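Working notes for the structure below.
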Amino acid sequence: MITKTIGPLICIGVLLLAAGCGIRSPHGRMRAPEAPAVTPGHFRVYDGVGAPATLEDIVSAAAAADVVFIGEEHDDPAAHFLESNLLERLFEACRSGGPSGRERPVLLSLEMFEADVQTVVDEYLADLITERHFLKAARPWPGYPTDYRPLIEFARSNGIPVVAANAPSRYVNRVARLGRSALDPLFPASRAWLPPLPYGEASAAYREKFRNFWEETQVENVPHGPATPTPPMDAPSEAAASAEIEERFERLLAAQSLWDAGMAFHLSEALARHPGALALHVNGKFHSQSGLGIPEHLREYRKDVSIVTVTVLSLSSFPAFDPAAAGGDTFIIVTDPSLKPGRRG
């Protein structure tokens, strides 16, 4: 079924139902499990045309930007290391004034927390609640201890505001099941966690990208083995089945767009609250790769926004990289897939 394979893209909100796990000290602080050791030998940085680049090149490009998007593969330890490393580098550059000599605040924005837990995130950053209660109330992803805790703890230690940017998964799920209009009956208090309705449509390029993913997924889910003959469907049944598939596609695309527009809106609101800030936004790569998705919606909310996109790819060809694969991103980082869970030597 398409809905099973598309899960990592549309239904990843299910992950948010689980509380983060980890070992806690007697004082209520988590003793985070160790992440795989990542060294410079585990990644390569390239610019938008596929020429070798460095992390410092990303920091330099960010000096003239409002937002740096990092698109990750969620199970890539190297990507999580790079996110923390870049947050620290950007913070130091902004604090020192960097190449421009202009000191500016930094924001951290995350797909991994939903907008309705923003108060909980703020309370933890302000040291008003313990980490144990933060984890119980904020619904972090299961990989939080190794993947995203370093980001939160660095922000907490350095006074960096954190944006819980994602639309609550219960509303994304409602759109996936029932369509865009299913948001109309929501209570005003519920709509407060969403972008203004009606939220933006997917661009033609994003729709095509999503369509390609959809069609590839359908092919992958064709049962293997000898085909069992089945009676041919009559024309009306074929038409009805085709219409149902297309309707499902439109609902899932609308749900995906709600995620993208929701993150863009909450990021835009945070930028308005912090004039001159540089925001680092972390999300799954599909949401921002080639400047599609969240960056497109963000430009609808902030016409003059300046954006740097960084897509992190875990490729079996590592360390080789075909420059022809670059396109649409400001930078691409290729990582060593042997670090991924289940593939560690």
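Summary table below
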{"quantity": "Mean Cβ count within 10 Å, highest first, over the residues of peptides 38-47, 139-148", "calculated": "139-148, 38-47"}
{"quantity": "Extension gain, residue 274 back to residue 243 (0.36 nm per residue minus Cα-Cα distance, nm)", "calculated": "6.5 nm"}
{"quantity": "Portion, in percent, of the accessible area of segment 273-345 that falls on carbon or sulfur, probe 1.4 Å", "calculated": "50 percent"}
{"quantity": "Cα-Cα separations in segment 244-304 greater than 12 Å, expressed as whole percent", "calculated": "70 percent"}
{"quantity": "Segment 243-253 - phi-based ³J(HN,Hα) in whole Hz, Karplus 6.51/-1.76/1.60, Gly and Pro as x", "calculated": "5, 5, 5, 5, 5, 5, 4, 5, 5, 5, 5"}
{"quantity": "Cut-off under 5 Å, modelled amide H: who pairs with residue 309 long-range", "calculated": "69, 330, 331"}
{"quantity": "Cα centroid of segment 316-334 to Cα centroid of segment 71-146, whole Å", "calculated": "26 Å"}
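The values are calculated or read from the model by the stated rules, or taken from the named source; none is laboratory data. None of these values were measured; they are calculated from a predicted model. Cβ coordinates were reconstructed from backbone atoms using ideal geometry, including for glycine residues, and neighbour counts include every protein chain displayed. Ligands, DNA and RNA are excluded from the accessible area calculation, which covers all protein heavy atoms including side chains. Shrake-Rupley method; radii C 1.70, N 1.55, O 1.52, S 1.80 Å.
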